[in-house]
Number of protein chains: 2
Amino acid sequence: MKIDISFKDPSKDYFVYIDELKELEFDSSVAIVTNQRVGGLWLKDILPKIKSKNLHIISIPDGEEYKSFETLNYILEQLFIAKLDRKSTLISFGGGVVSDLTGFAASIYQRGISFINIPTTLLAQVDASVGGKTGINTKFGKNLIGSFYQPKAVYCESKYLQTLPNREFSAGVAEAIKMAIMFDRNFFQYFANHNLHKKEELAFVIKKCVELKADIVSKDEKESGIRSVLNYGHTFAHVIENETKYLKFLHGEAVSIGMNMANLLALKLGYLKEEEYKRIKDILIKFNLPVYYKIKDKELFYESFFLDKKSSNSKVKFILPNSIGNFIIKDDIDRDMVISVLSEFA
Amino acid sequence: MKIDISFKDPSKDYFVYIDELKELEFDSSVAIVTNQRVGGLWLKDILPKIKSKNLHIISIPDGEEYKSFETLNYILEQLFIAKLDRKSTLISFGGGVVSDLTGFAASIYQRGISFINIPTTLLAQVDASVGGKTGINTKFGKNLIGSFYQPKAVYCESKYLQTLPNREFSAGVAEAIKMAIMFDRNFFQYFANHNLHKKEELAFVIKKCVELKADIVSKDEKESGIRSVLNYGHTFAHVIENETKYLKFLHGEAVSIGMNMANLLALKLGYLKEEEYKRIKDILIKFNLPVYYKIKDKELFYESFFLDKKSSNSKVKFILPNSIGNFIIKDDIDRDMVISVLSEFA
């Protein structure tokens, strides 16, 4: 199955293919960027499928802490050494860290070369596969340097998820649940009633997420408006990730906690019913996702919102569920109200 | 006067204003990136014209050798420290080094913020002001990392050229002559008959170059076709600049030599008449531009073409004048023929 991702500028259009990867043919040089772990598990599967003039493998260390300027530089240097030119293609083969770095490298190598994404985690398949966000972390925060750069194609293969650790699988489910809470009440119910370890049911979730996200991204490629809704849970999650130096939680886990925090805020403000608040929390817990994080200093936590790139002009924008399946964007919530939510995690 | 620069995607359209800069007003934060020398000479002129919520000055060292990852990182860090957000604007105030760095920083800071270019050298006004090329140099070559990123507006002020050293003025004229040789025989004649130290005649040259370049860039934003004609002289120039470590020649000077080399090739291949070859050389010399560079190792010089990003698939593309005012693109010129041209500089 394939999903058409379309833009105002049709030269950017591409397809996301689900379980359709048979052969990739290129008439120029190709470099695959992967990480040590994914490479060891799955390069043997992908390599025979790639026909190209020259094929280079670039392997980077596994982990969010390597989504850095140093790794970006390492990848770029490898591309120069491999003499990739403007007609070459860069393939990302890994999770979000690999695709964020590889997409960014593709966007700035010789002012932009072709980029194909083969995401190997559920999170990357349901989330990073659509949208064209690339980037790296700096000491000032997460994803603060990067670009919007669309791939030529994305291939989501469910078989690569077989070797995914349970925690990472659940972290991917968190972003899928996020989409459902924001946009589709029926889809939310799917998570309660289906077994995502069945191939077809998982493929449905991936397809649904890609479609929902594609719809948003085609309306607002550069996140100047509605696309910010996808940051539901993320305002809190980024602070949690920074405080824990990306070591304690996977991104999806931090988002799970962040959604629960946002939901509590929505509950207090009357946008979410007590019953709905609990239903969401129960689904997150069902998938072994964390919903609680002990905030050491709630004032400091609050201040950290203002460095986050999604805020602007000293206002913090909160994306909240307005009952399950709808959203509301608020940038005028009282500091005291937010602090009172944070207090329940302190 | 103003020139409309338009693209297939109209959200990228902008104006180049010539001698029109009166006041710039912003409702968000602004950072000006300049270099030490330009800042000392002209910040006193520009600063009273900028109305913004917050204004930050970032000053970088003057020189091509600072068009590096280190300076890019320095600029990005300063933006974080100044807490610029996604709605902020970055203004480049300097020559091509400053605008290439500033445009690149603007394109990747928080995945892209607004960029305004106020070029203060003739080269930057006639060349870098249109086209959206940004970038930095690496040890592998010039401009090999960068992006295509269009400014929101460009302001060319001829008064900033008053303090330009003569050599830099001539280097700018070289790129203007380049445009004339490629596209406009009458415009070429203008350089023989006019005094570019008169304000109106200089403004005409700037306007003409901006128009010619805008026409090319609007047809081929990402240099996949005709835009490569603007690289006339550059294939040779990049090797000269690399061999001399950017220390001996200004970019326009290297282009002047590169054009003369290309012209000799065109002469030998019969695309240029002896008389035309000499006319071009005489005009370059009239503006005190160098036309000769002693090649130490012509084999090495030839090999260097293949690392240059404009080449692909081990073919070197030569942009040659097909008489004055027209061009021809050749990628099948015999190695021996090229070597015989290089021999005349050895």
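The values are calculated or read from the model by the stated rules, or taken from the named source; none is laboratory data. The structure displayed is predicted, hence computed values, not measured ones. When we count neighbours, we look across all protein chains shown, and the Cβ atoms used for this are built from the backbone with ideal geometry, even at glycine. When the accessible area is computed, the model is the full protein with side chains, heavy atoms only, and any ligands, DNA or RNA have been set aside. Shrake-Rupley method; radii C 1.70, N 1.55, O 1.52, S 1.80 Å.
How far apart, in nm, are two points set 7 Å out from the Cα along the Cα-to-Cβ line at residue B:65 and at residue A:51?
Rounded to a tenth, the inter-label distance reads 5.1 nm.
Quick one: pull the percentage of alpha-carbon pairs in chain B with a separation above 32 Å. Mind dumping the intermediate values first?
Values: 16452 of 59685 pairs.
Summing the P(r) of chain B above 32 Å gives 28 percent of all pairs.
Note the distances from residue A:226 to each other copy's matching label point, with points 7 Å along the Cα-to-beta-carbon direction, in nm, sorted shortest first.
The answer, with the shortest distance listed first, is 3.7 nm.
Percent of alpha carbon pairs in the protein assembly as shown separated by more than 45 Å?
Numbers: 63443 of 239086 pairs.
The proportion of pairs with Cα distances above 45 Å equals 27 percent.
Using only C-alpha positions, report the orientation-averaged shadow area of the convex hull of the stretch B:166-343, nm², one decimal.
For the Cα atoms of the stretch B:166-343, the hull's average projected area reads 9.8 nm².
Where the label is 7 Å out from Cα toward Cβ, how close does residue B:328 come to the same position in every other copy, in nm, shortest first?
Spelled out, the distances from residue B:328's label point are 7.1 nm.
Want the number for residue B:44 to residue B:300: 0.36 nm per residue separation, take away the alpha-carbon distance, what's left? Each step should come with its number before you reach the end.
Details: separation 256, 0.36 × 256 = 92.16 nm, distance 4.74 nm.
Working it through step by step, the gained length comes to 87.4 nm.
In B, who owns the beta-carbon nearest the axis carrying B over to A, and how many Å from it?
Nearest Cβ to that rotation axis, in whole Å: B:9, 2.
Per-residue HN-Hα couplings for the stretch B:125-134, Karplus 6.51 cos²θ - 1.76 cosθ + 1.60 at θ = phi - 60°, whole Hz, x for Gly and Pro?
So the Karplus estimates, Gly and Pro as x, are 6, 7, 10, 5, 5, 10, x, x, 6, 10 Hz.
What percent does the relative contact order of chain B come to when contacts are Cα pairs within less than 8 Å and at least six residues apart? Write out the running numbers ahead of the final one.
Values: 638 pairs, mean separation 51.4, N = 346.
15 percent.
Pop a pseudo-label 7 angstrom from the Cα along the beta-carbon direction at both residue A:87 and residue B:344 and give the gap in nm to one decimal.
Modelled inter-label distance: 3.0 nm.
Got a number for carbon plus sulfur as a percent of the stretch B:110-191's accessible area, 1.4 Å probe?
Details: 940 of 2070 Å².
The C+S portion of the solvent-accessible surface of the stretch B:110-191 is 46 percent.
By a straight-distance test (C-alpha under 18 Å), which aspartates and glutamates pair with residue B:330 as possible cross-link partners, with residues fewer than eight away in the same chain excluded?
Reachable aspartates and glutamates: B:223, B:303, B:308.
Can you send over the solvent-accessible area of residue A:200, 1.4 Å probe, protein chains only, in Å² to the nearest 10?
About 130 Å², ignoring ligands and nucleic acids.
Taking a ≥ b ≥ c as the square roots of the eigenvalues of the Cα gyration tensor of the stretch B:2-163, is the shape rounded (a/c under 1.5), prolate (a/b larger than b/c) or oblate?
On the way: a/c = 1.14, a/b = 1.11, b/c = 1.02.
Note, shape of the stretch B:2-163 comes out rounded.
Amide H to amide H under 5 Å from residue A:13: which residues, 5+ apart in sequence or cross-chain, H placed 1.01 Å off N in plane?
Correct list: A:7.
Take the alpha carbon gyration tensor of the stretch B:17-93, find the square roots of its eigenvalues, order them as a ≥ b ≥ c, and report rounded if a/c is under 1.5; if not, report prolate when a/b exceeds b/c, else oblate. Before the final figure, lay out each step's value.
Details: a/c = 2.13, a/b = 1.18, b/c = 1.80.
Taking the square roots of the gyration eigenvalues as a ≥ b ≥ c, the stretch B:17-93 is oblate.
Based on the alpha-carbon gyration tensor of the stretch B:204-289 and its eigenvalue square roots a ≥ b ≥ c, which shape applies: rounded if a/c is under 1.5, prolate if not and a/b is larger than b/c, or oblate?
Details: a/c = 1.43, a/b = 1.20, b/c = 1.19.
Verdict is rounded for the stretch B:204-289.
Given contacts defined as C-alpha pairs under 8 Å and at least six residues apart, what's the relative contact order of the stretch A:256-346, whole-number percent? Provide the component values of the computation, followed by the final result.
Working: 99 pairs, mean separation 31.6, N = 91.
Relative contact order, the stretch A:256-346: 35 percent.
If you take the accessible area of A alone, add that of B alone, and subtract the area of the pair, what total do you get in Å², probe 1.4 Å, to the nearest 100?
For A against B, buried area totals roughly 3400 Å².
Calculated from DSSP H runs of 4 or more alone, at -39500 (n - 2.57) each and per residue, what is the 222 nm mean residue ellipticity of chain B, nearest 500? Can you show the working numbers first?
Details: 11 runs with 143 residues, N = 346.
One gets -13000 deg cm²/dmol as the mean residue ellipticity at 222 nm.
Modelled label-to-label distance, residue B:274 and residue A:273, 7 Å Cα→beta-carbon offset: nm?
9.6
Counting only C-alpha contacts under 8 Å and six or more residues apart, can you give the relative contact order of the stretch A:166-343 as a whole percent? Before the final figure, lay out the partial values.
On the way: 232 pairs, mean separation 50.7, N = 178.
Answer for the stretch A:166-343 is 28 percent.
May I ask you to evaluate 6.51 cos²θ - 1.76 cosθ + 1.60, the Karplus curve with θ = phi - 60°, for each residue of the stretch A:167-183 and list the ³J(HN,Hα) values in order in whole Hz, giving x for glycine and proline?
4, 5, 4, 4, 4, x, 4, 4, 5, 5, 4, 3, 4, 5, 4, 6, 10
Mind giving me the FRET efficiency for residue B:158 and residue A:2? R0 is 45 Å, r the Cβ-Cβ distance, nearest 0.05 is fine.
Working: r = 55 Å, r/R0 = 1.22.
After rounding to 0.05, the efficiency reads 0.25.
What are the distances, in nm and sorted shortest first, from the label point of residue B:273 to the label points of the same position in each other copy, with each label point placed 7 Å from Cα along the Cα-to-Cβ direction?
Its label point is 8.9 nm from the equivalent points in the other copies.
Structure shown: which of B:178/B:278; A:12/B:2; A:178/A:222; B:87/B:213 lie over 22 Å apart, alpha-carbon to alpha-carbon? If you can, show how the numbers build up before the last one.
Values: B:178/B:278 15 Å; A:12/B:2 30 Å; A:178/A:222 20 Å; B:87/B:213 29 Å.
Beyond 22 Å: A:12/B:2; B:87/B:213.
If you roll a 1.4 Å probe over the heavy atoms of the protein chains, what accessible area per residue do you get for the protein assembly as shown, in Å²?
Value returned for the protein assembly as shown: 39 Å² of accessible area per residue.
Could you give me the ³J(HN,Hα) list for the stretch A:270-277, computed from phi with Karplus coefficients 6.51, -1.76, 1.60 and θ = phi - 60°, whole Hz, x at Gly and Pro?
x, 8, 10, 7, 3, 5, 5, 3
Find the centroid of the Cα atoms in the stretch B:168-218 and in the stretch A:148-207, then give the distance between the two in whole Å.
57
Give the long-range amide H neighbours of residue B:153: residues separated by 5 or more places, or on another chain, with amide H under 5 Å away, using H modelled in the peptide plane at 1.01 Å from N.
Those lying under 5 Å, H to H, from residue B:153 are B:117.
Tell me which residues come under 5 Å, amide H to amide H, from residue A:28 once H is placed; ignore anything under 5 positions away on its chain.
Long-range HN contacts for residue A:28: A:53.
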